[in-house]
Structures are given as structure tokens and as C-alpha cells.
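The values are calculated or read from the model by the stated rules, or taken from the named source; none is laboratory data. Being a predicted model, the structure only gives us computed values, none of them experimental. Please note: Cβ atoms are built from the backbone with ideal geometry, for glycine as well, and neighbour counts cover all protein chains shown. What goes into the accessible areas is simple: the full protein's heavy atoms, side chains included, and nothing from ligands, DNA or RNA. Shrake-Rupley method; radii C 1.70, N 1.55, O 1.52, S 1.80 Å.
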Amino acid sequence: MTRRSSAVPRVRSGGAHRATLVTTWTVHLTGIEFIDDYSMEANGRNLSDTDPDRKRYSAIPEDFKGWGRGASLTGWDWEGSDNQERAACYRRGRPLHMRVRLRSSVAAPSARTFTLHVKSTVDGRGTLLTPGSVSVSWPAGSQEQIVPLISTGGALPNEGSRYQVRLTWEVSGIVPGGVIKRTTHKIFGIYEDPLDPIVSSATGAAQSPVTGSTKQRLDKLTELIGGAQRRFPTLSVSDIDRLIWRLHVHVNDSGPPHFDGKRSVAVRYGSGGPSVDWVDQWVMWLSAREWHRPGEKKSWNVGACISYVQWMKTILAAAGINSRRAWVLPKTTRLPNGSTVSLAANDLISFDNLTLGALEQKYTFSYSGLTYSAAVRLIDTPEGGVPTWENFEACLYYGGKLVPGAISTHRYPASVLSGRVGFADSLEVLRWWHSVSHGSFHRFMAWVSDTPWGCFDKDGTFYTSPYDIPAAKWLPVP
């Protein structure tokens, strides 16, 4: 029989054999750090058994429920898995810049070069941030490389908003190429560089290096201005007017807590407790809790109009919007000697840091051998039988518009509500502020002297109590 050799080569038992090992060299994405963004801090709680707040308030026995500030967020924003608690914040209208870490399956047997690509979607839209790429040089023997910069093209929308950004990472120039990872991130877009919330001038000042921004705070801000979609276009200055109005309505109408600001822009724990730092006035979102001091039992957050105004100013400063504190003062057009004075809007308003004495409308009276230096006051309802009055109405000022603090907007005039940007000037604020009633009580203006005590009507008649002044004798409103 004729035998044919096998088509499969045979290896003799015990013979030398050399196999050729073919290995596919691949790279993996292991780290992403957003750069050229604004610094952020972790949510803080002010409790001893949690991560310490950046600013500790050991004298305030409250759980800040995240509204405080934790440690500064540094290092990699993404490390192997999506983390929606780790957000980044950019100025509107800018691309994303990132540093990335790559690791290969094995150390590179030889030096090689390839291209890393990134594609993105912003809330599902793929046309806003356009693809970016960078050449990567990988030395022989290395298994990990840091790519210092890769950027998207395009830009984030011209909005103050929060976005879900999905990134697709690909490589080309090596085999196999293609997609190496898809990642998801939470990105905030704010109006301008964060501002110092203490500064209350026409220009403002950049706050560096602490912005006081946390994910919880920016989540809240974007919800207030952008609703469920968390998006609010800021294409023009008039859009900022509407943004501030939305914030103002939410702060004044949604039952936020009152803090013990009294006549100060500071926020304090109780009437004489420690002051909360400016950037931490976000803790006013805390629910009220009763605190006990000798002779007192009240919620620890009771307050006044100016604390609301500074609170809104702090929130806006974190988004890069510089607003100002404004103080509308009660004044009258008729003096007790019968003469009249003309009052323009600028005569009733003060900005930034109020020095009340120099701005009050005053008049000197003589009665029963005593001299009274009186100033115009807006008389309010008595508390426990004791007369009360207001020296000013604090407002937030932006672009010529005024929004008062701590009074629900449903009590505003229809004309102001229809405009949805605020009061036009201080005269409009005073007329409304004077008209606000509490039950059957109607506010009115009178001359008041503290020392010696006394009140005077529009004709200079003396009264021991402002509530004895007949309505016909109240001071006329400009």
C-alpha cells in the first residue's frame, strides 16, 4: 500500500520546538481630571463623625446636611467608574480641558505613537462640544502615561446650567484601535468667574482661591433658575434680570428659613452666637430648629430683609454675577414747618455698606423745653405693646432693578409681578413698602426721636406713641 504524508507537520518526541507568541498591545483609560475649571469642595456636614468641613463651626451644634464645605476636591475626577457626586464647574461658552491617565495591557515592547480622540454629548446633543484629539508618544518599557492636555472643540452653551456630559474615548494608529471607554460626568456652567460675596461694589472682585462651590450648592442654584431641566440661557443682560427674579421668587416665596441677621448682613447662630462665614450663608437652606437660651425659646434661624439680600448676593456671587446691596430709606416730601421738598429716586437709596445716620431725613423739634432730633421712620405693628418701626427696606440691586428681601412676592403690585424683573426704582419700592399691611394694621411714616423719646406728625405735633397719630396726620409719601 502506498502511504501519503500527513498535511499536518509532525514534531518528533523530544525534539526542539520554537513557538511564535503574537500579543495585541492595548491601552485603557484609568483617570480623567478636568483642568482650567473652577475649584470645588466636597459637601460638608459640621459633624465630628464625618469628613471635616473646610470651615468648622464647632459652636453651632447643627448638622449642616451638606450645606457646609468639605475638603477641596483635588486629583482625578474620574477613576475607573462614573461618579455623579464628583462634578466640575466651567464658565459658560467654553470647551472642556482634561488631563488623562492611560495604562497599557503590557509594557510597550518598543516606542510607539498613536492618537487619542474624545467625542462628547451635552444632554444628548453632539453638536455643542466638538471632537478633540492629541498625539500620544509612548516610550518603550512603559505601561502608564499621563496625557497632560486634551480638549474638546466647540463650547458649553451660553447658560447658567447643569449638564450631563458623556465622553467617548477612542484611539487610532494602533491595532486594535477604536473605543476604549465611555464616561459620564456632571458639569456645571456658570456666568463668570466666581466673586467675593463680601464685596458689594459696582465692579466686584474675583475670589481666589476659594469659591465656596459644592455640588449640592450648584445643584440648588441650577434648580432655582432652570427648573427641572437645570438650564437657563444668559444671552443678554436682560436674561440676568430674569435669572435674579427667579432666584428671588424662590428665596422669598418657598418658605425658606429666616436667620438672625437682624440689621446686619451677617448670619448668626441665635441673637448673639457665632457668625457664619460669608460663603457659607448657603446654610440658610437648613430647616429651622428650636434652640434654648435663658428666657428664650425660638428657632435658631430668625431674621430680617438684609440677611435675605446678602444670602441672595452670596448665591449669585458663586455663579459670577455681581449684585449690590441697596437700602431704601423712608422719607417725606413735607416738612413740619409747612415747606415741601422734592425727592428723586436717588435721594431714597444707599448702596453697599449703609451708614444710616448720614442718610436719614432728620428734623429738630422743641417741645416742653426739650429738643428732639427726630428722623422719618416707617411705623410697623407693635410687638408686645412696644412700638416698632423700620429704618430701611433692604433690596438686591442689579442693572437698575430692585428686589426686596423677606417679603413674599405675592404681596407685590401687579405691575411689578407682570414685569418679572423687580421694582424700577426706590420711589416705587417706598410706595409699595409703605402700603404693605399686617392684618388690619396699615403702615405709616412719622418723625421719631429715640432720646429723648417722642413722636411727631406731619405738622410737628408731639405724641408719646406713634399709634396715637391720626391717619390724616401721617407723613405724605413721595
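Structure notes:
- For segment 152-180, taking the residues that are open to solvent by 30 Å² or more (accessible area, probe 1.4 Å) and in contact with a His (Cβ under 7 Å, 6 or more places away or on another chain), the one that is nearest to Asn83 (Cα to Cα) is identified as Ile180.
- Residues that are at pLDDT 95 or above number at least 2 in the following strands (runs of 3 or more DSSP E) confined to segment 358-403: 362-367, 370-383, 393-398.
- Within segment 429-436, none of the residues are hydrophobic (A, V, I, L, M, F, W, C) and open to solvent by 30 Å² or more (accessible area, probe 1.4 Å).
- None of Gly227, Gly204, Gly189 is part of a loop (DSSP other than H, G, I, E, B) and open to solvent by less than 50 Å² (accessible area, probe 1.4 Å) except Gly204.
- Test: residue in segment 348-360 that is of a type outside the set (Val, Ile, Thr) and in contact with a helix residue (DSSP H, G or I) (Cβ under 8 Å, 6 or more places away or on another chain): yes
- Scanning segment 69-84 for residues that are closer than 20 Å to Thr211 by Cβ and charged (D, E, K, R) returns Arg69, Asp77.
- Residues within segment 207-224 that are among the β-branched types (Val, Ile, Thr) and either open to solvent by 20 Å² or more (accessible area, probe 1.4 Å) or part of a strand (DSSP E or B) (or both), tallied: 2
- Test for Asp63: is it among the acidic types (Asp, Glu), surrounded by fewer than 16 Cβ atoms within 10 Å (Cβ to Cβ) and within 30 Å of Val175 (Cβ to Cβ): no
- Residue that is more than 24 Å from the chain's Cα centre (by Cα) and open to solvent by less than 60 Å² (accessible area, probe 1.4 Å), where the choices are Val386, Val416: Val416
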